[in-house]
Amino acid sequence: MKNCPNCGFSLSGQEKFCPNCGFNVEKYRQDYLNKQAADLEKTKTVDNLQKIVNTEQTAVKPETEIEANPEAKKETKLESKPELSRSAYRKESKTNSVENNPIVEGIIKWLRDNTTIAFLVAVGLLIVMSFSRPLGWILFVLAMGFLVWAGHKAGGQYTADRNLTDWLKEKFSKVFNAFDSKEDELEEKNEEFIEAHPQVEKQVEEVKEKVKKPHKFTVVQLSIYLTSAITLILLFMGTGFVTSKTKLTVASVFFEVANKQISAGNFVPALILYLALAILLLMPIFIMLAVSQKQTWDNVKGALYSVFESGVLIYLFYRLSQATATDSYMGQAVSSLKNYAVAIGVSGYLLIMVSILTTILTIVNIVQQLQNKQDYVE
């Protein structure tokens, strides 16, 4: 220290106090040196921290710099790669294993290049397997062996595949063009017919308008649909006939007894039983179709179907209730039913009741329709 910090007097460096003002130069010198050493240490620490920060900034660059520099963005993505989940890791490992396998890559490339051949071979294998499974598996193994062999070779699309593809395109194009030309021809003929017969077009439009009008069903018609559906359900319920062991449906009993009659050589009774079962199954459907029509005659047919169905059911169950049967074919058929079933279940009697109810509803429907027409005329 050359000068006194207090008064600026010149010093030689050995004084403890300033000769001019008496300032404690030695104490100041010690305090000054300690402070200087502390500042130096602090500066070193700051420099080290700055180096660490600069290193981290180099590894993870700011967003503004990444956006301004695409290359820096790529580097940042590579350096800060996110941690993969377990499923993503397995998927990536599987992809890498496939990509790194030259045989698998070759097989996939061959299938892509020769799609038509691969498709036709697959269809052929399915056809062969439907006739002979061992032969199909043998051809499948041979096809897989060929794929492995083709995977070793660096081939492209075969000439045969290219020719097959072009041939299929040509044939399908001809088929579709034929359909288009036929459609155009029909449209031309339709236009010519409409020009020559304008009254027919008018009638067709009137019919379309009538068809478009919604049909409003009455409560009676809906009730007929319901009872007819119940009739079909009762035919397949398990309480139609009761044997010594179990309960069977009406349909199953008729079918099994008819089959036994055929086995025994009695074809006529079997035919009668089949016919009775067909009537029981088809009449409810015919009734619903007839009632759905708007014409009076169709509703009359529905009523006649229902009367016929009720008559068949009453006759069959009346004959089944008798202990003996006549020698006629009808009697033989009813007698075989009686011998097969010990008793008639609940479904048998419900069938008669529902059929009679359907007949009554169809008659009421006809009466209502006639009344509506009379009111409309008045």
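The values are calculated or read from the model by the stated rules, or taken from the named source; none is laboratory data. Owing to the predicted nature of the structure, the values given are computational and were not obtained by experimental measurement. Counting neighbours? That spans all protein chains shown, and the Cβs are built from the backbone with ideal geometry, glycine included. Accessible surface areas use protein heavy atoms only, side chains included; no ligands, DNA or RNA. Shrake-Rupley method; radii C 1.70, N 1.55, O 1.52, S 1.80 Å.
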Quick check: convex hull of the Cα atoms in the range 148-208, volume per residue, rounded to a whole Å³? 112
For the range 229-287 the translational diffusion coefficient, Stokes-Einstein from a Kirkwood Rh over Cα pairs at 25 °C and viscosity 0.890 mPa s, in µm²/s, is roughly 203
Karplus-derived 3J(HN,Hα), 6.51/-1.76/1.60, for each residue of the range 19-31, Hz, glycine and proline x: x, 8, 10, x, 5, 6, 6, 5, 5, 5, 5, 5, 4
Expected vector for the range 103-111, Karplus 3J(HN,Hα) from phi with 6.51, -1.76, 1.60 and θ = phi - 60°, integer Hz, x for Gly and Pro, equals 5, 5, 4, x, 5, 5, 5, 5, 5
Would the range 115-175 count as rounded, prolate or oblate if I go by the C-alpha gyration tensor, calling it rounded below 1.5 in a/c and otherwise prolate when a/b exceeds b/c, oblate otherwise? oblate
Quick one: which of 182/202; 202/373; 169/189; 301/373; 202/301 span more than 28 angstrom between C-alpha atoms? 169/189; 202/301
With all protein chains present and a 1.4 Å probe, how do 286, 17 order by accessible area, largest first? 17, 286
How much solvent-accessible surface does residue 185 expose, in Å² to the nearest 10, with a 1.4 Å probe and all protein chains in place? 70
Cα pair distances of the range 234-378 binned at 10 Å [whole percent]: 12, 36, 29, 15, 7, 2, 0
Computed accessible area, residue 310, all protein chains, 1.4 angstrom probe, square angstrom: 10
Would you please put 249-259, 311-321 in order of how densely packed they are, using the mean number of other Cβ atoms within 10 angstrom per residue and starting with the highest? 249-259, 311-321
